[in-house]
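The values are calculated or read from the model by the stated rules, or taken from the named source; none is laboratory data. Remember, predicted model here, so these are calculated numbers, not experimental data. Note: ideal-geometry Cβ built from the backbone for every residue, glycine included; neighbour counts use all protein chains shown.
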Amino acid sequence: MKQIIKGLEKLLEFGGIKRDIIFLVISGIALLISIFDLLPLPFDAAWVAIVLCGIPIVLEAIVGLVTAFDIKADVLVSLALIASICLPPRWNNFRSIRWGRLS
């Protein structure tokens, strides 16, 4: 178990600030594509942002919980992220809420 946690910690440290900036830029572009429907993709482009920015947060929360039983912002943000993904599409549709047409 300790080897798995150490491996996750190494994976999270890989790339450092450069990786974070690249992921943030790519996620921002993906969100713009999703909000304004700029490209016809077979999936919602917002998933790119969820994967690139969400997975490191969830992994850090898991490492913090397992190694130090530490509940910090990572754990709370991870719970909110998972809950927002699990919501039904009716409440998760940004465009419908933005334009006032909940269906």
Which of the residues that make up the stretch 21-40 are more than 23 Å from Pro56 (Cα to Cα) and touching a Cys at 6+ places or on another chain (Cβ under 6 Å)? none
For the stretch 35-56, name all the residues that are farther than 26 Å from Val75 by Cα and free of Cβ contacts under 8 Å to residues at least 24 places away in the same chain. Phe36, Asp37, Leu38, Leu39, Pro40, Leu41, Pro42, Phe43
Can you name every residue in the stretch 1-45 that is in contact with a helix residue (DSSP H, G or I) (Cβ under 9 Å, 6 or more places away or on another chain), among the acidic types (Asp, Glu) and either at pLDDT below 85 or not in a helix (DSSP H, G or I) (or both)? Glu9, Asp37, Asp44
Show the residue pairs meeting these rules: Cβ distance below 6 Å; 6+ apart or different chains; first residue within the stretch 13-33 and without any contact (Cβ under 8 Å) to a residue 40 or more places away in the chain; second residue among the β-branched types (Val, Ile, Thr). Ala30/Val48
